[in-house]
Amino acid sequence: MKALSIIALIFAVISIFIPVIGVFIAMGCSVLALITFCKQSTISGITFGINIVSTAFLSPSLALTASNMNDSGEDGTGLYMTYVGFHVVLMLIAFIAFFIFRKKNS
């Protein structure tokens with residue numbers, strides 16, 4: 001599990017610098033962080049944080065797409081919140097699973 005969480009962290013950092021596909025790589029890294037959160041909560045939490053920040057603030061292709069959608073009358077804010085919300089929801093699921101499995105072990 002430690003290797004999987006380190007791989008997710010490395011690819012999360014790499015996804016910041018990849019223009020269009022980086023958002024989807026970050027989504028995959030969040031899924032890997034969800035899988036490994038109960039065993040490696042620190043590294044997985046850092047991965048979630050990097051993914052949320054990179055998707056919300058450092059993704060110019062997502063911001064440009066949402067802006068173009070708003071200009072044409074579509075709901076670009078919904079698209080933006082879908083991608084950012086994906087990471088936030090997975091992080092909340094990971095926290096809930098962490099607390100449930102921690103109670104079972106003690």
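The values are calculated or read from the model by the stated rules, or taken from the named source; none is laboratory data. Remember, predicted model here, so these are calculated numbers, not experimental data. Counting neighbours? That spans all protein chains shown, and the Cβs are built from the backbone with ideal geometry, glycine included. Ligands, DNA and RNA are excluded from the accessible area calculation, which covers all protein heavy atoms including side chains. Shrake-Rupley method; radii C 1.70, N 1.55, O 1.52, S 1.80 Å.
Positive end of the dipole of the chain (Cβ unit charges, origin at the Cα centre): among VAL84, THR55, THR42, the Cα lying farthest that way belongs to THR42. Eigenvalues of the alpha-carbon gyration tensor of the range 50-106, scaled by 5 and square-rooted, set the equivalent ellipsoid semi-axes at 34, 11, 4 angstrom, largest first.
Charging the Cβ of each Asp and Glu at -1 and of each Lys and Arg at +1, and nothing else, the dipole of the chain about its Cα centre rounds to 800 debye.
Working note: Karplus 6.51/-1.76/1.60 with θ = phi - 60° gives the range 50-66 the couplings 4, 5, 5, 5, 5, 6, 6, 10, 10, 10, x, 5, 5, 5, 5, 5, 5 Hz, where Gly and Pro are set to x.
Of the accessible area of the chain, with the probe set at 1.4 angstrom, what percent is carbon plus sulfur?
Accessible surface attributable to carbon and sulfur in the chain totals 74 percent.
Judged by the mean number of other Cβ atoms found within 10 Å, the most tightly packed of the peptides 88-98, 39-49, 53-63 leads the ranking 39-49, 53-63, 88-98. Residues in the chain average 59 Å² of solvent-accessible surface per residue, probe 1.4 Å, ligands and nucleic acids excluded. For mean projected area of the Cα convex hull in nm², the candidate list reads (i) 9.9; (ii) 6.7; (iii) 6.4; the entry that matches the value derived from this model is (iii). Using θ = phi - 60° in the Karplus curve 6.51 cos²θ - 1.76 cosθ + 1.60, the 3J(HN,Hα) couplings for the range 20-25 round to 9, 6, x, 5, 6, 5 Hz; x is entered for Gly and Pro.
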